[in-house]
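For reference, the structure is listed below as structure tokens.
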Amino acid sequence: MEFNKAILDCMRELRRRLREEQGLDIHFQQDDAIVRMLRACAASDREDTRLLGQRLGELSGVALPRMMQEPSFLPAQDGARQYSGPLRG
């Protein structure tokens with residue numbers, strides 16, 4: 001991937017923040033630098049860091065894969081009610 005000024009500026013700011021917040025040291029020349037930054041931003045407690053991570057994703061065109069929930073945790077789509085009483089067995 002070729003970096004332009006906007007991507008480098010965003011990465012520079014994120015690199016500084018992530019070093020302060022999480023103690024991460026990510027170098028631009030690493031093959032997975034953007035992905036590592038995006039993962040760290042997603043895990044950040046600070047809203048501004050997460051937003052800057054989203055900006056980096058938009059600028060670079062790199063997106064983290066979305067985590068799929070287990071079907072048992074998804075709400076019922078048909079609106080059917082399920083028994084939630086004690087289990088017997």
- Item | Filter result (among the acidic types (Asp, Glu), loosely packed, with under 13 Cβ neighbours inside 10 Å and under 17 Å from the mean Cα position of the chain (by Cα)) within region 1-54 | 32, 45, 47, 48
- Hey, any hits in region 67-89 for a residue that's part of a loop (DSSP other than H, G, I, E, B) and at pLDDT 90 or above? no
- When you scan region 28-47, how many residues do you find that are in a helix (DSSP H, G or I) and out of contact with any helix residue (DSSP H, G or I) (no Cβ under 8 Å at 6 or more places or on another chain)? 4
- Query: When residues of region 2-22 are filtered for being part of a loop (DSSP other than H, G, I, E, B) and over 14 Å from residue 58 (Cβ atoms), how many remain?
  - Reply: 2
- Message: Here is a check on your reading of the model: is residue 25 outside any helix (DSSP H, G or I) and within 13 Å of residue 3 (Cα to Cα)?
- Response: no
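The values are calculated or read from the model by the stated rules, or taken from the named source; none is laboratory data. Since we're looking at a predicted model, the values are computed, not measured. Here Cβ is always computed from backbone atoms with ideal geometry, including for glycine, and neighbour counts include all displayed protein chains.
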